[in-house]
Amino acid sequence: MSKVEQYLNSVIERDGCAHMTLIDPASQRPEKAAEIAAAAVAGGTDAIMVGGSTGAAGNVLDLTVLAIKEKTTVPVVLFPGNAGGISAHADGIFFMSLLNSRDINYITTNQAMGAPLVYQYGIEPISMAYLIVEPGGTVGWVGDARLIPRKKPELAVAYALAGKYMGMHFVYLEAGSGADSPIPPEMIGAVKKAIGDTVLIVGGGIRDGEAASICAAAGADIIVTGTAVEDASDVRGKIEEFVLSIKK
């Protein structure tokens, strides 16, 4: 188990639920991304995720990761959209497979292309089953996902168990950036009951503390917020709202 994974598990054990702030390098300049990350850490976020569905690669990714690391001390974890979303400067990477994609590239091909770089750079990989639920947003379209219906928690359970049985340590239920509403609590609860001690991440459509609290109470081990933070005029205050709603 990697140091970053151990750290996240320790936060979950201590606080009941962890919070991660997602920053898309394509949405702002690296200096601005670092400001957002620093404010998020001041608000109590436990780690920073860096990545996006489009444009989050190459020089802009490297510069964003470096800028964030200059301003913060929490782990910086890559959230790659494809094999191009890898930076040697990150602490860890969610090494994930989009299990409900129709495109083999998002299930194993990008992973095979990216794995040698993860090995070469010495980035800590964290294995993860990535599952996209309706409406799916941009990532659902780019990843050609066969979206899991919101009213079919049993399908989410089936995919999550498949990921667990294949040895993945994390399962991520994703509604998509800017989704109208978060993953239904019934789905979160059903998946968490099935996967047990496998870490469950929930993201997409979580805009306020109440929504985050509902997801955490349903069984989420980690709450991810991105769009709500990017749109906030007071990033620190918004993160504090999320963190206070999900911690013990």
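Per this entry, Ser97 is not counted among residues that are in a strand (DSSP E or B), in contact with a strand residue (DSSP E or B) (Cβ under 6 Å, 6 or more places away or on another chain) and either open to solvent by less than 10 Å² (accessible area, probe 1.4 Å) or farther than 18 Å from Leu61 by Cβ (or both).
I'd like the full set of residues that are hydroxyl-bearing (Ser, Thr, Tyr) and either closer than 16 Å to Lys192 by Cβ or touching a Lys or Arg at 6+ places or on another chain (Cβ under 9 Å) (or both), limited to the stretch 115-164.
Scanning the stretch 115-164 gives a single hit, Tyr159.
Within the set Val229, Val202, the sole residue that is buried (at least 19 other Cβ atoms within 10 Å of the Cβ) and assigned to a strand (DSSP E or B) turns out to be Val202. Of the residues Glu186, Glu154, the single one that is in contact (Cβ under 8 Å) with a residue 24 or more places away in the chain, open to solvent by 30 Å² or more (accessible area, probe 1.4 Å) and touching a Pro at 6+ places or on another chain (Cβ under 6 Å) is Glu186.
What do you reckon, is Lys32 out of contact with any His (no Cβ under 7 Å at 6 or more places or on another chain), touching a residue at least 12 places away in the same chain (Cβ under 8 Å) and of a type in the set (Lys, Arg)?
Details: out of contact with any His (no Cβ under 7 Å at 6 or more places or on another chain): yes; touching a residue at least 12 places away in the same chain (Cβ under 8 Å): no; of a type in the set (Lys, Arg): yes.
The answer is no for Lys32.
Set side by side, the residues Ala218, Ala179 differ, and just one is over 14 Å from the mean Cα position of the chain (by Cα) and open to solvent by 10 Å² or more (accessible area, probe 1.4 Å), which is Ala218. Please tell me if Lys192 is out of contact with any Phe, Trp or Tyr (no Cβ under 8 Å at 6 or more places or on another chain), without any contact (Cβ under 8 Å) to a residue 60 or more places away in the chain, among the basic types (Lys, Arg) and crowded, with 20+ Cβ neighbours inside 10 Å. It is true that Lys192 is out of contact with any Phe, Trp or Tyr (no Cβ under 8 Å at 6 or more places or on another chain), without any contact (Cβ under 8 Å) to a residue 60 or more places away in the chain, among the basic types (Lys, Arg) and crowded, with 20+ Cβ neighbours inside 10 Å. Taken over the stretch 100-125, the criterion of being surrounded by fewer than 22 Cβ atoms within 10 Å (Cβ to Cβ) and either in contact (Cβ under 8 Å) with a residue 40 or more places away in the chain or not in a helix (DSSP H, G or I) (or both) is satisfied by Ser101, Arg102, Asp103, Ile107, Thr108, Gly122, Glu124, Pro125. When Leu98, Leu61 are screened for being touching a Pro at 6+ places or on another chain (Cβ under 6 Å) and within 26 Å of Ala145 (Cα to Cα), only Leu61 passes.
Does any residue of the stretch 159-168 turn out to be among the aliphatic types (A, V, I, L, M), in contact (Cβ under 8 Å) with a residue 12 or more places away in the chain and under 27 Å from Pro30 (Cβ atoms)?
As a first pass, look at the stretch 159-168 and keep what is among the aliphatic types (A, V, I, L, M): 160-162, 166, 168.
The next check asks that each one be in contact (Cβ under 8 Å) with a residue 12 or more places away in the chain; those that pass are 160-162, 166, 168.
Going one step further and asking which of them are under 27 Å from Pro30 (Cβ atoms), we end up with none.
No, because not a single residue in the stretch 159-168 is among the aliphatic types (A, V, I, L, M), in contact (Cβ under 8 Å) with a residue 12 or more places away in the chain and under 27 Å from Pro30 (Cβ atoms).
Taken together, Ile188, Ile195, Ile206, Ile239 contain a single residue that is over 19 Å from Leu131 (Cβ atoms), modelled with pLDDT of 95 or more and β-branched (Val, Ile, Thr), which is Ile239.
The values are calculated or read from the model by the stated rules, or taken from the named source; none is laboratory data. Owing to the predicted nature of the structure, the values given are computational and were not obtained by experimental measurement. Note: ideal-geometry Cβ built from the backbone for every residue, glycine included; neighbour counts use all protein chains shown. Side chains are part of the model used for accessible areas, which takes the heavy atoms of the whole protein and leaves out ligands, DNA and RNA. Shrake-Rupley method; radii C 1.70, N 1.55, O 1.52, S 1.80 Å.
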